[in-house]
Amino acid sequence: MDIPFGRAAVAEIEEILKWHRPPPLRIGQHTARLPIVQGGMAVGISLSGLASAVANAGGIGVIAAPGVGLFEPDFFQNFFQANIRGLRREIQKARAKTHGILGVNIMVALTDFADLAKAAIEEGIDIIFAGAGLPLKLPELLGENRHTKLVPIVSSARAARILCKKWQDDFSYTPDAFVVEGPLAGGHLGFKAEELNSPENQLVRLVPEVIEAVKPFAEAAGRPIPVIAGGGIFTGDDIYNMLQTGAAGVQMATRFVATDECDASPAFKQAYLESKEGDAVIIKSPVGMPGRALRNDFIDSVNAGAKKPFKCPQHCVKTCNYLESPYCIFVALLNAQRGHLTGGFAFCGANVHRVKEIIPVKKLVETLVKEYKTRAVQALIEAMTRYMNGLMASPALGRGLA
């Protein structure tokens, strides 16, 4: 007997079965076995150690470019040159450890953004993730390179649309993917502080809006523009649920700090383990953006009006008002990376208080995949239950099944 409800239910079940395991993430010719991008964490938190481990586990490992030269001997004397050398060195070290997909995250607001991007391209990096500003001229840095893919990080459909049009008009280039960061992300945020709790800025609403915004450009290019969701993704359940909104993958950062391979100091990781709900607070960063960080004595003293004397020899972020800032954001993050949290603070995501242990990257990824599959089975059971309940309630079949 042909029952419309039955056809719809079967179609729903068939669709759910497609998601029984995490799908691969394809960005251009680069394919990661898992739809997981490890978010870039600046000033030495995600370097070659973490990035290569994530790539080996099947995700996309990302080296953060800001402050990447911190281990160079002339770091403070030749800041910009040291960062270029440091970035090249970290890419080479990561590539020696993995054949997986590697990316770099470069803040558009960096004074040496273009130089860092050129160095990454010359080193054959697979993907450049560019956020903290609109990378309006990024495609012109590629030259004849067609290996490196360009992925802007945005927080609105409007920003994605502007970039697509600008790149197409000026360079005949279509973005290879987008990362959409919601208000639960860590570090510098793409929203005003008063916008963070607005319902229209929540990730589950932003992702479909960005997908719709880039659809005409994907159709014109004759290829997909994957949209990757970031900010607040913590479990395999979250990954499954976000993929149901249309996202091609997720970006996760906070979870990867609490791993053996993370390049941060043990004290930095311990701060995550000891955090409690409510400890992740919004700060006013000297670079002109709000940021999310773990509250500590340093942050409290700044909020109370204290100034941390510093000398700025490099003006590393174009938007930083260092003449009036009470502290240097770079020095604060560098101190934290080295474990000196009395002289700085740790950036973090909104779910940092849920971190309970430090484990290998491989184990973390295995846990996420297991949680994802469990959620997929749960979704299948829920659909089957709705199907059976529909059959029982059908006037045509209900009497025969009762």
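The values are calculated or read from the model by the stated rules, or taken from the named source; none is laboratory data. Predicted model, so just to flag it, every value in this text is computed and none were measured. As a convention, Cβ positions derive from the backbone with ideal geometry for all residues, glycine included, and neighbour counts pool all protein chains shown. We work out accessible area using only protein heavy atoms, side chains counted, and drop any ligands, DNA or RNA first. Shrake-Rupley method; radii C 1.70, N 1.55, O 1.52, S 1.80 Å.
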Residue hits (segment 187-215; closer than 18 Å to ALA132 by Cα, assigned to a loop (DSSP other than H, G, I, E, B) and open to solvent by 20 Å² or more (accessible area, probe 1.4 Å)) are GLY190, LYS192
Take ASP263 and decide whether it is open to solvent by less than 70 Å² (accessible area, probe 1.4 Å) and at pLDDT 90 or above. yes
One residue is enough: does segment 151-172 have a residue meeting the conditions at pLDDT 95 or above, over 30 Å from LYS284 (Cβ atoms) and touching a strand residue (DSSP E or B) at 6+ places or on another chain (Cβ under 7 Å)? no
Across segment 321-364, the tally of residues that are farther than 24 Å from ALA65 by Cβ and outside any loop (DSSP other than H, G, I, E, B) stands at 6
So, in segment 216-235, exactly how many residues are touching a helix residue (DSSP H, G or I) at 6+ places or on another chain (Cβ under 6 Å) and either part of a helix (DSSP H, G or I) or among the small types (Gly, Ala, Ser) (or both)? 3
Counted residues in segment 208-229 being closer than 16 Å to VAL37 by Cα and either touching a Gly at 6+ places or on another chain (Cβ under 6 Å) or hydrophobic (A, V, I, L, M, F, W, C) (or both) come to 4
Give me a count of the residues in segment 109-134 that are under 20 Å from the mean Cα position of the chain (by Cα), at pLDDT below 95 and open to solvent by less than 20 Å² (accessible area, probe 1.4 Å). 3
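What number of residues within segment 216-248 satisfy the criterion of being hydrophobic (A, V, I, L, M, F, W, C) and open to solvent by 10 Å² or more (accessible area, probe 1.4 Å)?
Going residue by residue through segment 216-248, those that are hydrophobic (A, V, I, L, M, F, W, C) are 217-218, 220-221, 225, 227-229, 233-234, 239, 242-243, 247-248.
Next, only the ones that are open to solvent by 10 Å² or more (accessible area, probe 1.4 Å) stay: 217-218, 220-221, 225, 233-234, 242, 248.
Adding up the residues that qualify gives 9.
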Is it the case that PRO139 is surrounded by fewer than 24 Cβ atoms within 10 Å (Cβ to Cβ) and under 21 Å from PRO35 (Cα atoms)? no
Only one of ASP238, ASP300 is of a type in the set (D, E, K, R), modelled with pLDDT of 95 or more, closer than 24 Å to PHE191 by Cβ and not in a strand (DSSP E or B). Can you tell me which? ASP238
